[in-house]
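Student: Right, I'll just put the structure down here and ask away after.
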Amino acid sequence: MKTIEIRGTAGRCRVVTGERLENLGRYLPGGKIILITDGPVRKAHGQKCPPMEVLETGTGERSKTLDAALELYEGLLRLECDRSSFIVGMGGGIVCDLTGFVASTYMRGVPFGLIPTTLLAQVDAAVGGKNGVNLRGYKNMIGVFSQPRFVLCDVNLLGTLPHREIRNGLAEVVKHGAIADGKLIGFLETHGREILNRSPDALERLVTDSIRIKAAVVNRDERERGERRLLNFGHTFGHALEREGGLSHGEAVAVGMAIAAGLSATRGLLAPPECRRLYDLLRDLGLPFRPPMDPENLVRQIAKDKKRRGDYLYFVWLHRLGEAVVEPINYHELEEITHMWWQGVLHES
Ligand SMILES: NC(=O)c1ccc[n+]([C@@H]2O[C@H](COP(=O)([O-])OP(=O)(O)OC[C@H]3O[C@@H](n4cnc5c(N)ncnc54)[C@H](O)[C@@H]3O)[C@@H](O)[C@H]2O)c1
Ligand SMILES: [Zn+2]
């Protein structure tokens, strides 16, 4: 068992890996406890929790809304939840984001803990204190920064996860390795088979290393004024690909990272063999790395989306697998580099 501490402005969070859901009781205070979860997670793992009141929410991004929050507020009221109560959120990133938001706003804040049950939620969504809901299809528009008291990560819960969800989470693990930890990249390269077979030891190493990286970044820059932007590696093109290319978030981030690595190499920041290593790793983990559409169109899409923030955007550049920097670039330059890189790719194939 390992404990990683996150020191947020509004409180400290203890993230525990290598723990079992069956030990949840050890982390709970006395008093009323209310569990927020969704149907599939409750069915798969609810019986491992100590007896407590349960509020069930829906699944999918359409359940991460103010309407869903309102239903939960009403449920909390019905169960006579107050600030002496404790809320536990158990589920994927959707349940974790929604629970954090509801717990932090109901009666100006009820203490809460999270049990992430997807790989993505364990390595990313449950860690870092960002939570919130979508508004009119725009993601995470309403929310707060607030830290849970604990995050309990049990990799055994990932056994019931569809394969696609494992790959989604792996993309974020590759991201953490690429920006900050060459050794984690090496581990992913040599242990692909164990990881895809969900060996608990291999998964535990990934989850612990990933959380350490994210926690270190968040501890230095909780509110995303500088360094936390590193965690957006692969996400500039990733978000555009998710919307335009019909890819899942993890697949889109994988392709987004491959593009960012390609652009870094085109600019002479990254050695071409390191770039190829990233492509090979993504392929071996069952993730895509080639854009399914002309990436120059994606730059136009990115520019259109972000125009309100000025002419430039912060882009994460790779220096090697394990080291990245954030530097602004204007859209025109980004378009030019993308063009140069894409011509090179088309020429090679
Ligand atoms: N707050 C953050 O910093 C942060 C970071 C990254 C992502 N996110 C958010 O996370 C969300 C995506 O989360 P996700 O990828 O975990 O998806 P998700 O929460 O939709 O979960 C995927 C599906 O798997 C099911 N499921 C969950 N755990 C299961 C298990 N152990 N066994 C069987 N089925 C299970 C769920 O019911 C759900 O239908 C997005 O809304 C994203 O914005 C937040
Ligand atoms: Zn992501």
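FYI, it's all coordinate maths here, none of it is from the lab. Nothing here was measured: the structure is a model prediction, and the numbers come from that model. Virtual Cβ from ideal backbone geometry, glycine too; neighbours counted across all protein chains shown.
Student: Counting pairs of Cα atoms in the chain, how many percent are more than 37 Å apart?
Tutor: Every Cα pair in the chain considered, those over 37 Å come to 18 percent.
Student: Which three lengths, in whole Å and largest first, does segment 163-348 cover when its Cα atoms are put on their principal axes?
Tutor: Extents along the principal axes, in whole Å: 46, 39, 30.
Student: Count charges around residue 46 for me, please; just the other residues with Cβ under 11 Å from its Cβ, Lys/Arg as +1, Asp/Glu as -1.
Tutor: Neighbourhood net charge equals +1.
Student: Given 10 °C and 1.306 mPa s, compute D for segment 224-264 with the Stokes-Einstein relation, Rh being the Kirkwood radius over Cα pairs; round to the nearest whole µm²/s.
Tutor: Answer, rounded: 157 µm²/s.
Student: If you take every DSSP beta bridge fully contained in the chain, what fraction is antiparallel? Give it as a percent rounded to 5.
Tutor: Rounded to the nearest five, the antiparallel share is 50 percent.
Student: Kindly flag which residue pairs out of 2/130; 32/214; 183/214; 139/175; 2/32 have an alpha-carbon separation exceeding 26 Å in this structure.
Tutor: In this structure, 32/214; 2/32 exceed 26 Å between Cα atoms.
Student: Taking other Cβ within 10 Å of each residue's Cβ, how do 59, 338 sort, fewest first?
Tutor: Result, fewest neighbours first: 59, 338.
Student: Further, regarding this structure: Simple spin-label model, 7 Å along Cα-to-Cβ: residue 320 to residue 3 in nm?
Tutor: Modelled inter-label distance: 3.5 nm.
Student: Which whole-angstrom value gives the distance between the alpha carbon centres of segment 81-118 and segment 201-225?
Tutor: 20 Å
Student: Could you pull out the trypsin sites (Lys or Arg not before Pro) across segment 126-196 that fall in loop regions by DSSP (anything but H, G, I, E, B) with no more than 14 other Cβ atoms inside 10 Å?
Tutor: 136
Student: A follow-up question, please. Return the equivalent ellipsoid semi-axes of segment 244-349 as a descending list in whole Å, where each equals the square root of 5 times an eigenvalue of the C-alpha gyration tensor.
Tutor: 21, 16, 14
Student: Label-point separation (nm) for residue 144 and residue 74, each offset 7 Å from Cα along Cα-to-Cβ?
Tutor: 2.2 nm
Student: Can I get the semi-axes of segment 2-160's equivalent ellipsoid? Compute them from the C-alpha gyration tensor as square roots of 5 times the eigenvalues, in angstrom, largest first.
Tutor: With the √(5λ) rule applied to segment 2-160, the semi-axes are 20, 17, 17 Å.
Student: Same structure, new question: What's the whole-number percent of alpha carbon pairs in segment 88-179 lying beyond 23 angstrom?
Tutor: 25 percent
Student: Give me the percent of DSSP beta bridges within segment 60-218 that run antiparallel, rounded to the nearest 5.
Tutor: Taking every DSSP beta bridge within segment 60-218, about 40 percent pair in antiparallel fashion.
Student: Three principal axis extents, largest first, for the C-alpha atoms of segment 308-349, in Å?
Tutor: Reported extents, whole Å, longest axis first: 36, 28, 11.
Student: What fraction, in whole percent, of alpha-carbon pairs in segment 163-255 exceed 15 Å separation?
Tutor: 62 percent
Student: Evaluate E = 1/(1 + (r/R0)^6) for residue 59 and residue 280, where r is the Cβ-Cβ distance and R0 equals 35 Å; express this FRET efficiency to the nearest 0.05.
Tutor: After rounding, the FRET efficiency stands at 0.55.
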